[in-house]
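**Q** Have a look at this one before I ask anything.
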Amino acid sequence: MVYFIVFLPLLGSIIAGFWGRRLGDKLSLYLTSTLLLISMTLSWITFWQLSSNHVDKVYPLMEWMNVGDFNVVWSLRYDMLSAVMMIVITTVSAMVHIYSIGYMSHDNSKPRFMSYLSLFTFAMLMLVTSDNLIQLFFGWEGVGLASYLLIGFWYHKPSAHTAAMKAFIVNRVGDFGFILGIIAIYSVFGSLYFDEIFSDVEGLHKLSIVMLGFKINVIELIAILLFIGAMGKSAQIGLHTWLPDAMEGPTPVSALIHAATMVTAGVFLVCRMSPLLEFAPFALNVITIVGAMTAIFAATIGLTQFDIKRVIAYSTCSQLGYMFFAAGVSAYPASMFHLTTHAFFKALLFLGAGSVIHAMSDEQDMRKMGGIWKKIPITYALMWVGSLALAGIPFFAGYYSKDLILEAAWAASSNSGYFAFWLGCLAAFLTAFYSWRVLLLTFHGNFNSSKEVLDHVHESPFVMLIPLFVLALGAIFSGWYFYNDFVGYNWKEFWGNSIFISEKHKAFKLAHYVPLWVKYLPIFLAILGILCAYLFYVLNPNLPKILSKKFYPIYNLFFNKWYFDELYDYLFVKSFIKFGNYFWKKGDEGTIDRFGPNGISKLVKIISSKSIIIQSGYIYHYAFAMLIGLVVLITWLLLDYGI
């Protein structure tokens, strides 16, 4: 059954990609969507089976690589960690496929789009079912390729193919660290299979190397390198700049990439490598701090953006920060719990935003919206559900998972844990604020566009609303439904050997026993954020303008995304262009060409021009030259024989 789950999306991708034009748009749309629905159904069936029998399995496919002692078998690893990821991926992807039937109805390349979606899903499934790091890297890069194709789907737009290139290149920066981590693992453990790595890590956790005069623990170094790869894929601070630009792709792409699949690959990698990370305390502290900084950093940017999709994209970036600092305090089940609940309500918000954009004639600027809730009441109600879950309001999905992460951070009783807790609480307030900022600017107040656009505003077709209802069920019930299994007292029985927490790290165990104020503070801050948003955008709509002018430097910093793009442009892009021009002029043209092909050709030209002089055309000149040559030859022979 696992084979069908993984390869049905690939089959759909191949059929729609190669024979989509022959089959026609409608058949391509329904075929790929049907195959994803089957894959989703099988994922849930196998998940429930594994939940009851707890028997992990590895399904071999074929021998992939065999070079000397290095042997890699392509196989599918099915344990609880991969099972959870599979239900998340296939459910969100199936809903996105169905949604795309309506959303992409006016596009001229529907089969190509559906092929890319299915290819992306297959690559992600290969990633989460990998049994070794080589296979995981194959899925990792496959996801990167598919995201490049999807972000740049409307390649006729310069902004789209620029965003696709940016996503591809920034991810390669993180992937370089990931590759170095894989090489280091093979050098130390002599294997790339997870079971073999995890069984040997305890005996090698004190192994050190000397680098640049510093003694470095090898396991710590490997953990940091792997985390760099995770930072790129999961858009953590520093390697996040590709994520907002990825909004140039169609809205279903945004939901698929930013909700449950590509951006969660880094979180999955960290949780999969938990048996190794548990012996790298410094790396765990780094993960905690980076995750906490990402949570607050992205939330501050979300306060000031006006593109509805970009606000939700920065929200994703912020929520990924929560997942990482949960893993950093060794609360891996809480991290996976939030990954699961977040997938439902964030996909709901993205597809809900797509429904708004569809109703507004492709308008994405919230300043040109307002007062449309009566025209699209279903979308409005579903956006409320997603926003309540995102803000962590009881008893929606986000309340269960996000609050548990904050409780685990406090229970860690470490400097990095307290740092993550307080930044996470502040981010919770900002999250509620910008969530209701989106709702109020989009659906309430006065309409700020033309009457022609207002007359066109209408509810989305039923085929686009069905996925929203399904995701809304997840946004409401997934936290309550999964809580006991994922993070309850029997979490070890549920996760089995797929997640490991050292006995030394007690944050996750103690998270259930934190003081009451720790439990209630995030709820209070979320409600306060909602009330502040209501004050700013309903009771006193001039307040945002007044404060943005009064605190202009801070507002400008947030609005310009902390100037990361400008900084990278100055440090890397322009610097590399200057270096390139210098080496082009001085190195290539001034040295290589000058003394190489250009120099040789110039020398030949000079010699040829001088040789032309002796080509007079007179016979006696040639005879005289022959005579001189003969005299020189005879003289040389006489001298050679000593005569």
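The values are calculated or read from the model by the stated rules, or taken from the named source; none is laboratory data. From a predicted model like this one, the values you see are computed outputs, not experimental measurements. Cβ coordinates were reconstructed from backbone atoms using ideal geometry, including for glycine residues, and neighbour counts include every protein chain displayed. Remember, those area values only see protein heavy atoms, side chains included, never the ligands or the DNA or RNA. Shrake-Rupley method; radii C 1.70, N 1.55, O 1.52, S 1.80 Å.
**Q** Based on Cα positions only, what radius of gyration and what Dmax would you give for the chain, in angstroms?
**A** Every Cα atom of the chain included, Rg and Dmax give 30.6, 119 Å.
**Q** Further question on the same structure: What whole-number value in Å² describes the accessible area per residue of the stretch 152-227 for a 1.4 Å probe?
**A** Numbers: 4000 Å² over 76 residues.
Each residue of the stretch 152-227 exposes 53 Å² on average to a 1.4 Å probe.
**Q** If R₀ is 41 angstrom, what is the calculated FRET efficiency for the pair LYS574 and VAL55, using the beta carbon separation as r and rounding to 0.05? Numbers along the way, then the final one.
**A** Details: r = 57 Å, r/R0 = 1.38.
Efficiency at R0 = 41 Å is approximately 0.15.
**Q** Please report the carbon-and-sulfur percent of the accessible area for the chain; probe 1.4 Å, protein heavy atoms only, DNA, RNA and ligands left out.
**A** So the carbon and sulfur contribution to the accessible surface is 68 percent.
**Q** Taking the solvent-accessible surface of protein heavy atoms with a 1.4 Å probe, what is the per residue accessible area of the stretch 1-126 in Å²?
**A** Accessible area per residue: 42 Å².
**Q** If you don't mind, there's one more thing I want to ask. Kirkwood Rh over Cα pairs of the stretch 248-395 into Stokes-Einstein at 10 °C, 1.306 mPa s: D in µm²/s?
**A** Approximately 98 µm²/s, per Stokes-Einstein.
**Q** Would you please state the base-10 log of I(q)/I(0) at q = 0.12, 0.16, 0.19 1/Å for the stretch 182-295, with intensities from the Debye formula using one equal scatterer on every alpha carbon?
**A** -0.50, -0.79, -1.00
**Q** May I ask for the distance between the Cα centers of the stretch 255-275 and the stretch 492-553, given as a whole number of Å?
**A** Using only Cα atoms, the two centres lie 21 Å from each other.
**Q** Given a Förster distance of 51 Å, report the FRET efficiency between TYR483 and SER109 from their Cβ-Cβ distance, rounded to the nearest 0.05.
**A** After rounding, the FRET efficiency stands at 0.75.
**Q** Just the accessible area per residue of the stretch 565-643, please: how many Å² with a 1.4 Å probe?
**A** 92
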